[in-house]
Every structure is written in structure tokens, then in C-alpha cells.
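The structure under discussion appears below in the form of C-alpha cells.
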Amino acid sequence: MNLVDEWGITLAVFLPLLGALAIALTPKGTEGIQKLLALGSTGAALVIGLMVAFAFEHGEPGLQFEKNLQWIPSIDANYHVGIDGISLPLIVLSLLVTFLCIVYAYRHIPEPGNTKAFLALILLLETGMNGSFIALDLILFFVFWELVLVPMYFLIGIWGGENRQYAAIKFFLYTLFGSVFMLLGFLALYFQSDPHTFDMVRLQGAGVLNLPIGLANLIFAGLALGFAVKVPMWPFHTWLPDAHTQAPTIGSVLLAAVMLKMGTYGFMRIAIPILPEPAQVFAPLIAILAAIAIVYGALCCLAQTNLKRMIAFSSVGHMGFVMLGIATLTPEGFNAAVFGMVAHGVVTGMLFFLAGSIKERYHSYEMPELAGMGLKIPRMAGLLAFCAIASLGLPGLAGFWGEVMALLSSYRPLEGLNLTVFRSAMVVGGIGTVLTAGYFLWMLQRVNMGKASEASLKHRYADVERLEYAAWVPLLALILVLGLYPRLIMDTTTSSVTRLTETVAGERAEVAQAAER
Amino acid sequence: MDVNLTALLPEIILAVVACGVMTIDLFLPKERRGAAFMFSVVGVLATLVAVLNLYGQNITTLGGMFVVDRFAVIFKIVFCVAALLVFAVSHAYLKEDGEIPHGEYFTMMMFALLGMLTIASSRDLIAIFVSIEMISIPSFVLAGIRKHDIRSNEAALKFFLFGVLSTALMLFGMSLFYGIAGATNLADISENLAGRTDIEEVSLLAILFLIVGFGFKVSAFPFQWWVPDTYEGAPIPVAAFLSVASKTAGFVGLFQVMFLALGSLAGTWRPMFGIIGVVTMTFGNLVALQQKQIVRLLAYSSIAQAGYMLVPLGVASATNTELNTTIVFAVVAYLLVYAFMETGAFASATAFSRRGGGYMVDDYAGMFARSPVLALAMSAFLLSLAGIFPFAGWWAKLVVFQALIEGGGLWLAIAMGINTVVALFFYSAVVKRMFFDRSEVTTAVTLPPVLAGAIGIAALVVVVGGVLPDLFGRLAQNSHFF
């Protein structure tokens, strides 16, 4: 256990990287070994991640499994990692989803093949994603954040759909654009802190940052731009439908299930705790954008005939709920956000898996061509219905808690925030849930029911295969478990998010005291 | 005058070897002329050993004109290593070309290298000028060494005309400073200028002339017009040599003059560098977007890279030595990283231009399927130039950003940030060609072992330096420029 305590999270991050290196060194024509290596390294990382989760002291608000080593002394950047109740669910989600993706990849290496490169890139991607969730040093965080870009660029660009090149470059440029401003914000934080530091924990300490409010707002805007592109918040979302639609199935799953969360996590880990005052200035704006995203995402979904593109747009709406929760700056809101992130990861990841498998059979994402699926492949259709209903937020399934808690919390945001804005956002969000239900049910009606098209009548399609079950059952089970027993996540997060709110509210109290004096 | 031969040993060795190679080449039978490569490599290695031997020493000789300190030694190492890499690339290139005379080629490179070694140690306007000429004149010859090719002739002529004009203007600027300060030694100039308030106009003029000269060397806008044509016409290894070693030498000279002699006038030259830097990177990146030919693309990218290294001077301070130290650290670190990623990119371009490859970006289609290792290496260099982790370029950009923010140059930083995004577009376009496009040709591009070795070393440094940037960081920090 000692190894896990000391190095557990580090291993969970770097085992996939080792796996990627090992795969890169295997000779041609050893696909079996490459797949085993990928499965072994992600599996080992998952096991270690679960051991960490069990060793984790739930209910303890502070950081655990901390490790701080010198890395680049010439610019004061350290290898400082650690997790708390906010990061733990996300890193476990990342480990689990990547592992299941590798399982799925056993039979589904997309065109044009090249198993070796495909698997190595996914493992590299996993290192970047996991690393982002444990980094406690701004430069280290930035490095992991950037590490995600290159593998995803190649995954979309090589193994993607017809319009893959456009989607890949759009994704790359958008994210880099955001991250440049994020980096400038990090550097500004460094130079404004006394003593100079990139350490997230120390930056939160009292008296380390003494910023004039104008500059603080500017820095927050820079950070928020970087994170908002990743989330993506409306109006920075335009890369997402293209990237999601064109990416290979596994790429879409990872993109939706894990990578989007890096943005929202960035808000909760960096922007809000380090700059609590500007967070309160920007919170109403974020709430408004989130409300727009919810309705806008739903309206776009209603307009889609392409199943995968519809799921992609649904992410915009779901991430809108997460951002609405974050914007309230309350423990309930933050809880809703973390829960929403995990639920969206599990549900939407599952939906993308299904879309991929359906495309494999029907060679199309177009809903009119899929019509009548309930008769042709009933089990697949059933799973699609299950996940769609989970995604629209039916009580008892995972999607419910994140949405309803986000709406509830925006009724009573942190004291001092503009109530009108948040309550309007709540109402708009509520309308959004209705629209969400609308487009998912309409999708089910068009896909699962309806009259089968001429083309599909001529073919026989295999229903869900054993390997697909292997990759999906854990996610399906989680959808149910999280819906019935939300405390699984809440028990872990509550203490940490409460502390986060205290940081924000505490700042306000101090400012008020100073004003009185 | 005192003469310390230990301090001068690397230069002496190199000069002797260069003359020796030129002489021996005369007496070798035609089919054994390739021996010049071996002699030159051994000569530069011996020079490198002599340089390493001087690390950590502080020697001032030739009446204060010539100084050996950490800063000088670090750059001498960079020049020697870059030259060795370029030699290795040249070896493959000359074999393929078959008509370039080996003896002259390597001799000229070594003479240019000699100028680079002396510029790193120069602490005197005259020494700096002589060093720059020492670098320039062999470079003119090298650019035109493919005598049978009209583009090479054009390259040399353009380079020569621009070069002569700009060095003449620089000399004029130097003479003005001699008139103002009454000295050519940098430290003396600095001392004599301190506190003077009656020299604003004339020093502004003189600084402008100096900027013309150095701007030409480092290919800053608007003195960069020769770059694309010269790089395209010259042999590719020569283009690498110009864009790495010669440019670095320009920066070294620029630092010495600006910080050691004219530090007190920072208020005058600071805004010029800020503007030139931003315009240079913007111009380089925007034009690079349009390029179809790989060497021209690299040429414009190298212009843009010069812009990234110039902007930090735009926040320099006349009084704040700590800030200036950060600026020098940032640019030195950038130059160290740049030497490897740029040489690597040119080396890979040389490899791709061999039989079976091509010069156009379109020829790179499907290269990942054809020559996967080479395609991976080229991508690493290009993405490093773009500043993407895990390649060393990310860190080089980071320290420049850091210097800009510390100096309060937020707008410069934002301009550079936007440029970084624009640049990614054309760097990734090449990567895209290699990985995403398919091609009819399926044969691999041949890669001779010496060239493969050079690419391998550069790639190794770029990747290891990306993950553990302190390798460069410690070196740059130890340079103790001030």
C-alpha cells in the first residue's frame, strides 16, 4: 500500500505513457502484443486508480497523495501533484473510460488501420488527461493540458470521417488559441505573487497574491478563455460539433467523456480558488452564457438529422448545466458540476460508443436511414433508448442529479451574486431540460421506431456483440448506480467543494471587513 | 598588448585546420576529395574540446577586446555543435549533388565558424565588426557554391548586395558611437555614455544604423527580403547554417552592443525592438502560410522565430539589471533550443529532398507511410518550432513569455500569443500532409547513416529537452552575461 500512497497517482498517470513507449517499440505485425500492452497498461493504471480511490479519505476536504518534486528549477516549476474530492472522481472516470476504449478497440481499429499508432496515441492522450487532473503546479498543468492536443489532432486527422482534416486543424487551433491566453494568465499570476510561484496551493494562500482588481479581472478573463474553449462554453463551442462528428468513435468517446471536463475542472481547480474576487465578478456572465448554451445546444440538436452530430451538440447543453452549477459558487452548485461532469462522461461516452457501433452496421449516422432499428437490432436500440433517457435527465438515472442540482443551486447562488440573473438562468435552463427531453425522444422516435428504409431491409445486422458488452456494461451499470445512489460521488466531493466555497466566500468577508475598517 | 594564447586556442586550432583543409584539398586526387569532410569534422571536434576546456574560466585579453567567459563559451559550444550537425547534413547533400567542391565548401564553413567563435568573445566594436564580416564573406560564397544553378547565383548576389549595404550602414553607426563616446571598447562606451543627456538625436540615428546591420544578420523585418530567395537558392545545409549559426551570431553581437555598451540608452532602443519584433513575427508567419515549397516555408518560419527572440528586447530596462538578466536568459534559452530544432528541421528537409522525395510541401504527402521515422522526426521539429509540448520549443516560448510579462510587455505577449496560433497552422499543415494524406508512391526515402545520425541527435535533444527543459535552463542561467 505504501507504493500506492507515495506514487499511486503518479503511476496512474505515467503507466499509460510507458505502455505507449512499449507499443512504439514493438515490431510490425505484432498487433496482438500491442493490444495486450495497451490493455495491460491502462488496466494496471485503472487498478492503481481504484486502489487510490479506496485509500482516499473520503470526507477529508484537503489534498491527499501529495507529492512535490523539483522539475525545472530555472523557472520555479515543480512536479507538484495531489488529489482532493474534486479531482478523484474525474481521474477515476478518465482511467475507466480509457480502459473501456481499449477494450472496445480490440475489434474496432478504424480505417486506415495501423493499430500500433492508434493505441500509442490513445495511451499518450490518457497520460495528458490524467495528468491534468492531478497537477498542482500551473506549468505542470499547462504541460499536461497541451499534451492532449497532439494525440487528439492525429486521432481525428488520421482515423476520422470524411471531413477529418478540417476538423482536426480546427480543434487544434481553437484549443491552442485558448491555451495561449491561459498561459499568459499563469505567467501573470507568477509575477504578481510574492514570493513568485506557480504552485496552485501556495497561490491560494493569504497574502501571496496582492492584485489590483482590474488586473485580477484581466487574468481571470485570460484563464477563463482558455478553459471556456475546452468546455466548450457558448460562443466558443464551434470546434466541438466538427471534432466530435469527424473523430473516430473512440476519439469522440474520450473527447466527450474526459477532455471536455478538463475545462470545467480548470475553473474549479485554478481560476475560482486562486482568483475568488474576479470569479464573483464573472459569475453572472458565466451563468448567462451557460443558460444560452443549454437552450442553444438543445435547439441545434432539434435541427440535426445526423445522430452523432446531435449527440455532439447535446454536449454543449450538458456542459452548460455544469457551468451553471459552477457559476453559482455554492457547494450545491459545485457538487452539481462534478456530478454533472461524471454523469455526462458516462452517459455521453456511452452514446458515442453506440453511435459508432450503429454506424459500423448501417454505414450511416443519418436518422432517416436508421429508422426502424428497434426491429432490426432490438438490443442495440434498447441500449440507445436507455442512454438517451439517462441523458435527458430522467430521475433514477445518472443524468438527473447534475441537472436538477444545478438548477436548484442557481435559485440561491452565493450571497451577493445577482439573484435576477441566476433565477432567470434557472428558468431558461428549465426550459432547456424540456427541449432536451424533446429532442432525445424525437430522436428515439425517428431511429428506434418508424418504418425501416429500403436499404436496411435488404441487410441483416448483428445485434450487440460480446466484446461490445464487455466495453459497455461497466458504463451502463454506472449510469444506473449513479442515478440510484448519487452519494457515491457526493460523499467524496462535498467536503472539498464546501472548502472551495469557503475560499470564495472568505475572500468576500475579508474584503467587507477591510471596507469597514 | 597582452596576448593570452590559451584563451585564443580554439580559434587558432580552427584557423589552422581551415587553412590546412584548403591546402590539402589542392593536392588530393579528384576521387579522394571527400576526405575534406573527415578533416573538417576532426578539426571542429578539436576546437570543441579546446572550447570545453575553457568552460568556467574568465579571461580578458587583447586589451579588453577579447573575453572568454561563460557566455562566450556557451555560444562557442552552440556554434561548434551546430556546425558539426550541418557538416553531417552537408556530407549527404554533397554526395547527392556531386558537383559542389568539397574542399572549398568545408573551408568556407570553417572560416564562417571562426567568425562566430570570435564574435562570442568580442567586447569591442571593431572586433564585432570584423567578426561579422568574417561570418558574412564565406557565407556569400557558400550561398553561390552551386555554380551551375542560376538560383544559387541569384541567392549569392542578393545576399551579397544586401549584406554589404547593411554592414556598411552598421559600420557608420559604430563610427558615430565612436564619435560620441570616444571609445570602441563596449565597457568604455557604456561608461562614457552614462549620464550624458546631449546625445539623444545622434544616438537615435546611430542605433538605427546598428539595427540595420544586426537586423540583416538575424533576418528582422524590414531587412529580411534576402532570406527566402537565398535559402531557396543555396544548398539546403547552407540555408541551415545561415538560419541557425549565422543568426545566432547576429543575436550574440546584438546583445553585446545593446546591453554592454548602450544599456543606458535602453529607453531609446527598447520601443524599436518591440515593434520590429512584433512586425517580424507577424510578417514571417503570415507569409509562411502561403508557402508551397518547404525551404521557403522554413525560411519564413525562421524570420518569425527571429521575431520571437527580438521582442524580449522590447521590455529591456536601462536600470533594472534583474529584468535584463531575465531577458538575456530567455533569448539565450530560446537560441539554444532553436539551434537544435531548426537544424533538425533543415536536416529532415535535406533528407526529404533526396531522390524519391521532393522540395514541395505536396511531395510530403503520405510520408508517414513511406518513411515513418523520418516523418516522426520532422513532425517533432516542426511542432517544436510551433511551441507544442513535449518538444523543447514549448519551453523556449514559455521563457520568452515570462520575460515579456515580467517586463510589463503584456501587449507584446498577446501579439506573440496570437502569432503562435497562426504559426501552428502552417507547421501543422506539413505534419498533416505527412500523416493524413495518402500518396501513390510507397517507396521509402533513402537516408544515409551520417544524416540519420544528425537528425537523431537533434531529435533526441528536442524531445529530452522538452521533458526536462532544465538541461537548457541551467546552461542559459549559467551564462552570467552581466
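Mind checking whether some residue in the stretch B:394-410 is out of contact with any Lys or Arg (no Cβ under 7 Å at 6 or more places or on another chain) and at positive phi?
yes
A quick yes/no check of all residues on (1) in a helix (DSSP H, G or I); (2) within 9 Å of another protein chain (Cβ to nearest Cβ); (3) without any contact (Cβ under 8 Å) to a residue 40 or more places away in the chain:
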{"residue": "A:T127", "(1), (2), (3)": "yes, no, no"}
{"residue": "A:G161", "(1), (2), (3)": "no, no, no"}
{"residue": "A:Q165", "(1), (2), (3)": "yes, yes, yes"}
{"residue": "A:L176", "(1), (2), (3)": "yes, yes, yes"}
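Tell me yes or no: at least one residue of the stretch A:459-474 is in contact with a Gly (Cβ under 7 Å, 6 or more places away or on another chain), at pLDDT 85 or above and not hydroxyl-bearing (S, T, Y).
The first filter runs over the stretch A:459-474 and keeps only residues in contact with a Gly (Cβ under 7 Å, 6 or more places away or on another chain), leaving none.
No, every residue in the stretch A:459-474 fails to be in contact with a Gly (Cβ under 7 Å, 6 or more places away or on another chain), at pLDDT 85 or above and not hydroxyl-bearing (S, T, Y).
B:A386: facing chain A (nearest Cβ under 9 Å), in contact with a Leu (Cβ under 6 Å, 6 or more places away or on another chain), surrounded by 24 or more Cβ atoms within 10 Å (Cβ to Cβ) and closer than 20 Å to B:Q305 by Cα, yes or no?
So B:A386 passes the test.
If only one of B:A429, B:A415, B:A403 is part of a helix (DSSP H, G or I), more than 7 Å from chain A (Cβ to nearest Cβ) and crowded, with 24+ Cβ neighbours inside 10 Å, which one is it?
Step by step, each of B:A429, B:A415, B:A403 is checked, and only B:A403 is part of a helix (DSSP H, G or I), more than 7 Å from chain A (Cβ to nearest Cβ) and crowded, with 24+ Cβ neighbours inside 10 Å.
Could you list, in sequence order, all residues of the stretch A:52-81 that are within 14 Å of chain B (Cβ to nearest Cβ) and either under 12 Å from A:D199 (Cβ atoms) or in a strand (DSSP E or B) (or both)?
The answer is A:L69, A:Q70, A:W71, A:I72, A:D76, A:A77, A:N78, A:Y79.
Going by what's in this entry, would A:V148 be described as within 14 Å of A:S252 (Cα to Cα), crowded, with 22+ Cβ neighbours inside 10 Å and within 11 Å of chain B (Cβ to nearest Cβ)?
Yes; evaluated as a whole, the condition is true for this residue.
Going by what's in this entry, would A:I134 be described as of a type outside the set (G, A, S) and closer than 17 Å to A:T249 by Cβ?
It is false that A:I134 is of a type outside the set (G, A, S) and closer than 17 Å to A:T249 by Cβ.
In the stretch B:444-455, is there at least one residue being at pLDDT 80 or above, outside any loop (DSSP other than H, G, I, E, B) and within 14 Å of another protein chain (Cβ to nearest Cβ)?
So far as the stretch B:444-455 goes, no, none of its residues is at pLDDT 80 or above, outside any loop (DSSP other than H, G, I, E, B) and within 14 Å of another protein chain (Cβ to nearest Cβ).
If only one of A:L187, A:L215 is without any contact (Cβ under 8 Å) to a residue 60 or more places away in the chain, within 14 Å of chain B (Cβ to nearest Cβ), closer than 25 Å to B:I418 by Cα and buried (at least 21 other Cβ atoms within 10 Å of the Cβ), which one is it?
Testing whether each residue is without any contact (Cβ under 8 Å) to a residue 60 or more places away in the chain, within 14 Å of chain B (Cβ to nearest Cβ), closer than 25 Å to B:I418 by Cα and buried (at least 21 other Cβ atoms within 10 Å of the Cβ) leaves just A:L187.
Just give me the residues in the stretch B:432-443 being crowded, with 17+ Cβ neighbours inside 10 Å, more than 9 Å from chain A (Cβ to nearest Cβ) and not basic (K, R), in sequence order.
Result: B:M434, single match.
How many residues, within the stretch A:190-202, are facing chain B (nearest Cβ under 10 Å) and touching a residue at least 12 places away in the same chain (Cβ under 8 Å)?
3
Collect the residues in the stretch B:461-482 that are surrounded by fewer than 20 Cβ atoms within 10 Å (Cβ to Cβ) and either within 14 Å of chain A (Cβ to nearest Cβ) or within 14 Å of A:A77 (Cβ to Cβ) (or both), keeping them in residue-number order.
Across the stretch B:461-482, the qualifying residues are B:V463, B:V464, B:V467, B:L468, B:D470, B:L471, B:R474, B:L475, B:Q477, B:N478, B:H480.
Regarding B:Y364, is this residue under 30 Å from B:R438 (Cβ atoms), over 22 Å from the mean Cα position of the chain (by Cα), buried (at least 24 other Cβ atoms within 10 Å of the Cβ) and more than 11 Å from every other protein chain (Cβ to nearest Cβ)?
Considered against the rule, which asks whether it is under 30 Å from B:R438 (Cβ atoms), over 22 Å from the mean Cα position of the chain (by Cα), buried (at least 24 other Cβ atoms within 10 Å of the Cβ) and more than 11 Å from every other protein chain (Cβ to nearest Cβ), B:Y364 comes out as yes.
Tell me which residues, restricted to the stretch A:441-482, are in a loop (DSSP other than H, G, I, E, B), hydrophobic (A, V, I, L, M, F, W, C) and surrounded by 13 or more Cβ atoms within 10 Å (Cβ to Cβ).
The answer is A:M449, A:A452, A:V464.
Kindly provide the set of residues from the stretch B:214-241 that are assigned to a helix (DSSP H, G or I) and of a type in the set (A, V, I, L, M), ordered by number.
Within the stretch B:214-241, B:V218, B:V227, B:I236, B:V238, B:A239, B:A240 meet the criteria.
Tell me the residue from B:A333, B:A380 that is over 17 Å from B:L460 (Cβ atoms), modelled with pLDDT of 90 or more and within 11 Å of chain A (Cβ to nearest Cβ), please.
Only one candidate passes the filter, namely B:A333.
Give all pairs with beta carbons closer than 7 Å in which a residue from the stretch B:367-388 that is closer than 30 Å to B:V399 by Cβ meets a residue that is in a loop (DSSP other than H, G, I, E, B) and among the aliphatic types (A, V, I, L, M); count only pairs at least 6 apart in sequence or on separate chains.
B:L374/B:V445; B:L374/B:L447; B:S384/B:A392
The values are calculated or read from the model by the stated rules, or taken from the named source; none is laboratory data. Only a predicted model underlies this, so the values are computations on that prediction, with no experimental measurement involved. Using ideal geometry, Cβ is built from the backbone for each residue, glycine included, and neighbour counts are taken over all protein chains shown.
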